[in-house]
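A short write-up of the structure that comes next.
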Amino acid sequence: MGHFSVSVVGKDRPGIVAEVSRILFEQGCNIEDSTCTILSGQFAMILVVTHPKMAAGEINPAFEEVRSKMGLMVTLHALKEEEVVHEKAFSGQPYIISVYGADRPGIVYMVTKELARRKVNITDLNTQVVGSKDRPVYVMVLEVDVPEGVDMKELEKEFDRIRKELSVSITVRPIETMEL
Amino acid sequence: MAILPILKFPDPLLQQKSAPVARVTPELSAVIGDLLDTMRASPGGVGISAPQVGVLKRIVAVDVSASKRGAHVENHGLLVLVNPEILAKGGRQIVREGCMSIPDYTANIERAQWVLVDALDREGKQVILESVGFEAVAIQHEVDHLDGILFLDRVASIKTDLFRRKKYR
């Protein structure tokens, strides 16, 4: 059985999910995992699907219809079996990092560069510009997995530098889940 | 005493209303014992309700003192509540909740900060207690189970409030 990813991007309108899932259904694919969002009016969806026999390349032509009729960009990509992770096994401590300040280039890069250097894995990222037109405020919320051995105090010091340099506010707090 | 299997969503029993307990009998005490064993056997578990083990009776147990976060906040230690009823509540707080019956997700849920609860204890004596913070959340979550309500029913937005669990123990 082959796994492949299907990514769909295009101007948002009702019916995209229905059309994409119809094609997958008609081809005999099973949707294993999916997520979608709308960014500035663009609909974006990524799915991981399986098919008992067919390869991604054989299913690809079935999407021509929505490419031309709905103006969607649809990309299929075969996954190697060893790339498919069934359990989301992150081993560290989850944290939420929220960053906000006046909109300016470089906020995402400055923060994520420090995370990457410490092998902190970003498991979720959301950025938005809020506020009024003449006073835009940039908001970024990251969910990260901090591996053992990362010195959070030292990371805080680095964030202090970024806070001053970009005049943004950065808050780091552990996610504590109540197990009920 | 025994550790019982936890029913997982979408088991239909989890969405049924549980029946009030008429009297605390020795059989019921045995069920309570099993519930406590099952709660303690789950890592970090601070609460459980009878319907989660397939017993549709209005019984919950909560013990936040057993958890890292609960140990240093105001709490009653182990609470067994039979026929619990939330008489009053106030304030609000948002807590990331996980549920043994929905192992793949966690969610930010809005709960009352403070609750006043009327219930019977393990011996069948009436108790009225006030609870705040962390423990109050646990009580509200477990009492919801008795009415067939899961935290998924209280999620306001799947985009901002619902999270796939990123860590398995």
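The values are calculated or read from the model by the stated rules, or taken from the named source; none is laboratory data. Owing to the predicted nature of the structure, the values given are computational and were not obtained by experimental measurement. FYI the Cβ positions are ideal-geometry reconstructions off the backbone, even for glycines, and counts take in every protein chain you see.
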Those residues of the stretch A:148-180 which are surrounded by fewer than 14 Cβ atoms within 10 Å (Cβ to Cβ) and within 14 Å of another protein chain (Cβ to nearest Cβ) amount to A:Glu148, A:Arg173, A:Pro174
Selection from the stretch A:49-59 of residues in contact with an Asp or Glu (Cβ under 8 Å, 6 or more places away or on another chain) and either surrounded by fewer than 18 Cβ atoms within 10 Å (Cβ to Cβ) or hydroxyl-bearing (Ser, Thr, Tyr) (or both) yields A:Thr50
A:Glu114: passes all of (1) of a type in the set (Asp, Glu); (2) within 13 Å of chain B (Cβ to nearest Cβ); (3) part of a helix (DSSP H, G or I) but (2)
Considering the stretch A:127-147, residues that are surrounded by 13 or more Cβ atoms within 10 Å (Cβ to Cβ) and hydroxyl-bearing (Ser, Thr, Tyr), and then whichever is nearest to B:Val64 (Cα to Cα), we arrive at A:Thr127
Residue hits (the stretch A:117-145; within 14 Å of another protein chain (Cβ to nearest Cβ) and either more than 25 Å from B:Arg96 (Cα to Cα) or assigned to a loop (DSSP other than H, G, I, E, B) (or both)) are A:Val120
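Among A:Val130, A:Val85, A:Val141, which is the only one that is within 23 Å of the chain's Cα centre (by Cα) and in contact (Cβ under 8 Å) with a residue 24 or more places away in the chain?
From the options A:Val130, A:Val85, A:Val141, the qualifying one is A:Val141.
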- Message: Can you say whether B:Ala50 is within 11 Å of the chain's Cα centre (by Cα) and touching a residue at least 12 places away in the same chain (Cβ under 8 Å), as far as the supplied structure shows?
- Response: yes
Quick count over the stretch A:150-180, residues being at pLDDT 90 or above, out of contact with any helix residue (DSSP H, G or I) (no Cβ under 7 Å at 6 or more places or on another chain) and acidic (Asp, Glu), is 5
If you go through A:Glu32, A:Glu26, A:Glu114, A:Glu83, the only one that is at pLDDT below 95, among the charged types (D, E, K, R) and either in contact with a Pro (Cβ under 8 Å, 6 or more places away or on another chain) or more than 21 Å from B:Tyr105 (Cα to Cα) (or both) is A:Glu83
B:Ile139: passes all of (1) touching a residue at least 12 places away in the same chain (Cβ under 8 Å); (2) within 11 Å of chain A (Cβ to nearest Cβ); (3) within 29 Å of A:Asp145 (Cβ to Cβ) but (3)
If we keep only residues of the stretch B:136-162 that are at pLDDT 95 or above and among the charged types (D, E, K, R), then the residue surrounded by the fewest Cβ atoms within 10 Å (Cβ to Cβ) is B:Asp147
If we take the stretch B:58-169, then strands (runs of 3 or more DSSP E) inside it with 1 or more residues that are small (Gly, Ala, Ser) are B:59-62, B:79-90, B:93-99, B:102-111, B:114-120, B:126-132
In this structure, is B:Lys8 over 18 Å from B:Ser101 (Cα atoms) and in a loop (DSSP other than H, G, I, E, B)?
no
Check your understanding: Do we find a residue being in contact with a strand residue (DSSP E or B) (Cβ under 9 Å, 6 or more places away or on another chain), facing chain A (nearest Cβ under 10 Å) and crowded, with 18+ Cβ neighbours inside 10 Å anywhere in the stretch B:113-128?
Key -> no
Contact list, first residue from the stretch A:35-63 and within 13 Å of A:Arg13 (Cα to Cα), second anywhere and among the acidic types (Asp, Glu) and part of a loop (DSSP other than H, G, I, E, B), beta-carbon distance below 6 Å, six or more apart or interchain, is A:Ile38/A:Asp12; A:Gly41/A:Asp12; A:Phe43/A:Asp12
When the stretch A:11-70 is checked residue by residue, the ones that are outside any helix (DSSP H, G or I), within 22 Å of A:Glu81 (Cα to Cα) and small (Gly, Ala, Ser) are A:Gly28, A:Ser34, A:Ala55
Next on the checklist: Would you confirm, using the coordinates I've provided, whether A:Ser98 is within 14 Å of chain B (Cβ to nearest Cβ), closer than 29 Å to B:Ser67 by Cα, touching a residue at least 24 places away in the same chain (Cβ under 8 Å) and in contact with an Asp or Glu (Cβ under 8 Å, 6 or more places away or on another chain)?
Outcome noted: no
